[in-house]
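Everything on this sheet refers to the single structure shown next.
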Amino acid sequence: MITGDIHSLEDGMREVAAMMRAHHVCGAWAGVAERIERVAADPGACPVARDDAMRAVLAYLGGRELVEAAA
């Protein structure tokens, strides 16, 4: 559950990345969380990286089935 104050897209991305880290200490999701955090911290991140990060956020929130089906 997202509990923090979300005032921007970056705040939301950081909140979801924190959820990923809390539930998945290692493995693929931990790596995804790291990439999302990097993009959220970089206001000049390229649009492709931002889109990829948002897809990962949506896939995580939508469930693992979406990620597995897309792979």
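The values are calculated or read from the model by the stated rules, or taken from the named source; none is laboratory data. Bear in mind the structure is a predicted one, so any value in this text is a computation, not a measurement. Heads up, the Cβs are rebuilt from the backbone with ideal geometry, glycines too, and the neighbour counts pull from every protein chain shown.
Which residue pairs have Cβ atoms closer than 7 Å, lie 6 or more positions apart in sequence or on different chains, and pair a first residue in region 11-26 that is over 14 Å from M54 (Cα atoms) with a second residue that is surrounded by 16 or more Cβ atoms within 10 Å (Cβ to Cβ)?
R21/A33
Which residues, taken from region 1-11, are surrounded by fewer than 18 Cβ atoms within 10 Å (Cβ to Cβ) and either closer than 17 Å to L61 by Cα or modelled with pLDDT of 90 or more (or both)? Full working, then the answer.
Keep residues of region 1-11 that are surrounded by fewer than 18 Cβ atoms within 10 Å (Cβ to Cβ), which gives 1-9, 11.
Passing the criteria: M1, I2, T3, G4, I6, L9, D11.
Pick from V67, V48, V32: which is at pLDDT below 80 and β-branched (V, I, T)?
On the way: V48 fails: at pLDDT below 80; V32 fails: at pLDDT below 80.
Exactly one of V67, V48, V32 is at pLDDT below 80 and β-branched (V, I, T), namely V67.
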